[in-house]
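The values are calculated or read from the model by the stated rules, or taken from the named source; none is laboratory data. All of these numbers come straight from a predicted model, not from anything done at the bench. Ligands, DNA and RNA are excluded from the accessible area calculation, which covers all protein heavy atoms including side chains. Shrake-Rupley method; radii C 1.70, N 1.55, O 1.52, S 1.80 Å.
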Amino acid sequence: MKLIIQIPCFNEAAALPTTLALLPRQLAGCDQVEWLVIDDGSSDNTSAVARDCGVDHIVRHPSNRGLATAFMTGLEQAISLGADIVLNTDADNQYDARDIPLLLAPILAGRADLVVGARPIEGTAHFSWLKKRLQRLGSWVVRMASGTDVEDAPSGFRAMTRDVAMRLNVFNTYTYTIETLIQAGRSNIRVVSVPVRTNADMRPSRLVRGMLDYVAKSLATIVRIFATYRSLTFFWLVSLLFTGVGLLAGFRYLILKAMGFGDGHVQSVILAAACVTIGLITFVLGFLADLISVNRRLLERIEWRLRRLEHKRDSDLEP
């Protein structure tokens with residue numbers, strides 16, 4: 001059983017030695033434990049520091065492509081290196097490495113294919129009240145959209161089997177956490193959440209440039225992912241909203257017309273017609289989007305099978 005611990009990095013030369021010093025080299029249930037650093041176009045000497053700290057594998061992007069791309073690069077490289085289990089953690093030592101066995105336990109026991117570490121959100125001092133509420137809201141939306149029972153959807157501390165690593169795809173350039181969970185749930189991958197500990201902040205988050213930025217990006221991500229993976233529900237909810245407003249405006253006009261005041265409220269008729277028309281168009285768009293999502297799932301299955309064949313062929317060619 002080969003475990004590869006992957007660490008996406010961007011200008012982490014200062015924090016990386018602390019993170020690596022706490023990572024295990026041996027774990028019960030694993031014959032090999034290797035480290036993989038994905039240098040996402042750092043302008044400092046992140047790669048050199050990783051090499052000096054004894055990292056087994058280093059992949060470097062020529063330019064900064066974002067956390068989600070770095071995460072997927074890591075999965076591809078880990079699969080090529082023959083990983084049976086891939087564990088992802090942050091370079092800033094946010095997650096307590098002592099809890100790595102907790103992430104691996106459900107996989108090693110055959111009870112899960114993907115395990116996500118749930119941080120103690122309410123007990124995290126540097127999270128504001130608003131950020132804690134948004135974390136809870138986002139996790140609830142992901143649970144509804146994915147059908148999983150993950151307590152901390154934005155957590156990047158997670159372990160997965162080789163098969164899951166080959167099945168995941170990320171289209172969001174901002175982050176991979178929410179999208180991969182919804183994909184896993186929609187693909188009937190067994191997902192388990194386990195409580196983990198966190199360490200004190202070593203530096204401010206680079207993903208969050210301010211509360212307004214965090215709120216805007218979080219809401220945009222949630223809406224986009226919901227529209228992508230629950231397209232029929234999303235468009236029908238929008239259709240229901242517009243149709244409801246149109247019907248209310250139409251009833252209002254009819255009531256006023258019956259009372260003899262209809263001539264001065266023609267705007268209600270225009271609003272009703274426009275809203276009902278938009279509602280009907282959105283209703284039809286829901287069907288089209290659902291058909292597209294079926295095609296996307298078929299393409300994901302084809303890609304997964306091609307990846308399995310490709311990596312099986314590569315392993316057969318190894319001496």
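A few notes on this one:
- Distance cut-off 25 Å, percentage of C-alpha pairs in segment 1-130 lying past it: 25 percent
- Surface calculation, 1.4 Å probe, protein heavy atoms: Ile178 sits at approximately 20 Å² accessible.
- Heavy atoms of Val266 accessible to a 1.4 Å probe, total area in Å² rounded to 10: 70 Å²
- In this structure Val238 has an accessible area near 40 Å², from a 1.4 Å probe over the protein heavy atoms.
- Taking all protein chains into account, the per residue accessible area for the chain stands at 50 Å² (1.4 Å probe).
- Helix 266-317 and the long axis of the chain differ in direction by around 20°, with both axes built from C-alpha atoms.
- Of all accessible heavy-atom area on the chain, the percent that carbon and sulfur account for (1.4 Å): 62 percent
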